[in-house]
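Heads up: the structure comes next, in structure tokens.
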Amino acid sequence: MKPLLLAMPGAEALAAAFSRHLDCEAGALTLHRFPDGESCPQILPEPRGRAVLLVAALDHPDDKLLALYLAASVARELGARRIVLVLPYLPYMRQDAVFQPGQGITARHFARLLSSCCDALVTVDPHLHRILSLDEVYSVASEVVPAAPSIAAWIRDKVANPVIVGPDGESEQWAAQVAALVGCPYTVLSKVRRGDREVAVSQPPSQLLTGRTPVLVDDIVSTARTMVAAAGQLQQVGASAPVCIAVHALFAGDAYAVLQGAGVAQVVSCNTVPHASNGIDLTPALAAAALRMLAAAPSA
Ligand code: R5P
């Protein structure tokens, strides 16, 4: 029997793109909201004995997590033999340490909750920094799809004489990999964050930028203040207007408008979170990873 593909609300377009690369049946997942705000997922056809691929766009995760947990749990209750969550953006990975007294490592708690309702997980470039691997916090199998090959292909096609700029130390893993695949130089700035929207970054070395188009690459753009600060420093040293590339386009509040107004040439993102800036398609790679996760499934 073909796997049943289900989309959480808001992930329908993502699931449709994903389904073009997979031999699966599109099921219907509806989420009834009771007047008091509780939700009741309904899955048709019932997934008895079948593998389920459940696709969700987890930007604004607190608004969506309970419904995802309930939908996966209902799929299990209805007899799904294997549940693979396809979460192109995996949230909560940045809270990977205690930064202030009284806080906790919420990445762990989030991971425990998701691990309790599925058998496997497919995602794109989670923010692995102090947590080095998803296996440290997720108890289910997972596969990480790297965005770098698709980002590098986009840059090769669209940007003449690029130089990759990582706006902070944590972005080095993406900047270095993308630069190696493009075959161009890269540099990484250092960042100090004083608040959610208060960010300062160091100046890039101007000699590296001469005659090149800077391409800012970061995994997550949330308030966009990191990218804006980096774009400001590039301007200070007389570099060309940068192309900004985000793996995960969260763009909270006014972030997209603020970045577009910061003297940048273009803003492009991967389609892990549905957004107007999406221009780099990762669904073929996600579908291939999901197939591997399904193949690893125990037979019914
Ligand atoms: C954190 O280190 C991430 O890699 C990003 O740099 C960060 O999430 C960007 O946040 P914002 O867009 O709010 O400056």
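The values are calculated or read from the model by the stated rules, or taken from the named source; none is laboratory data. Note that this is a predicted model, so its numbers are computed, not measured. In this analysis, Cβ positions are derived from the backbone assuming ideal geometry, glycine residues included, and neighbour counts consider all displayed protein chains. The accessibility values were calculated without ligands, DNA or RNA, using every heavy atom of the protein model including side chains. Shrake-Rupley method; radii C 1.70, N 1.55, O 1.52, S 1.80 Å.
Side notes on the structure shown:
- Of all the options LYS64, LYS191, LYS158, the one that moves most in a Gaussian network model of the chain with Cα springs shorter than 10 angstrom is LYS158.
- log₁₀ of I(q)/I(0) at q = 0.08, 0.14, 0.15 Å⁻¹ - the chain, Debye sum with one point per alpha carbon: -0.37, -1.03, -1.14
- Nearest-ten-degree value, helix 61-77 long axis tilted from longest Cα axis of the chain: 30
- Each part gets one Cα centre, and for the range 237-300 versus the range 201-234 those centres are 17 Å apart.
- Between 0 and 90°, nearest 10: helix 225-236 axis offset from the chain longest Cα axis: 20
- Accessible surface for PHE99 stands near 100 Å², nearest 10, in the context of the full protein assembly shown (1.4 Å probe).
- The chain: angle of helix 106-115 to the longest principal axis, Cα-based, in degrees nearest 10: 30
- Cα centroid of the range 48-77 to Cα centroid of the range 153-182, whole Å: 34
- A Cβ-based charge dipole, computed about the Cα centre of the chain with Lys and Arg at +1 and Asp and Glu at -1, lands at about 280 debye.
- Per-q log10 I(q)/I(0), the range 148-280, q = 0.13, 0.18 Å⁻¹ (Debye; single scatterer per alpha-carbon; no solvent): -0.45, -0.91
- Just the protein heavy atoms count here, and of the accessible area of the chain at 1.4 Å, carbon and sulfur take up 52 percent.
- Computed per residue of the chain from DSSP H runs no shorter than four, each worth -39500 (n - 2.57), the mean residue ellipticity at 222 nm is -9000 deg cm²/dmol.
- Listed peptides 12-23, 261-272, 203-214 by packing density, highest first (mean Cβ within 10 Å): 261-272, 12-23, 203-214
- Bridgeable lysines around LYS191 (alpha carbons under 29 Å apart, same-chain partners fewer than 8 residues away excluded): LYS158.
- When you filter the GluC sites (Glu not before Pro) in the range 33-138 for DSSP loop state and at most 16 other Cβ atoms inside 10 Å of their Cβ, you are left with GLU38.
- Residues considered: LEU65, LEU282, LEU85. Largest GNM mean-square fluctuation over the chain, using C-alpha springs under 10 Å, is found at LEU65.
- Calculated FRET value between SER139 and GLU198, using beta carbons and R₀ = 30 Å, to 0.05: 0.25
- Accessible surface computed residue by residue for the chain, with neighbouring protein chains in place and a 1.4 Å probe, gives 43 Å² per residue.
- Over the range 1-77, equivalent-ellipsoid semi-axes from the Cα gyration tensor in Å: 21, 15, 10
- Local charge for THR106 was computed over the other residues whose Cβ lies under 12 Å away, with Lys and Arg +1 and Asp and Glu -1, and equals +1.
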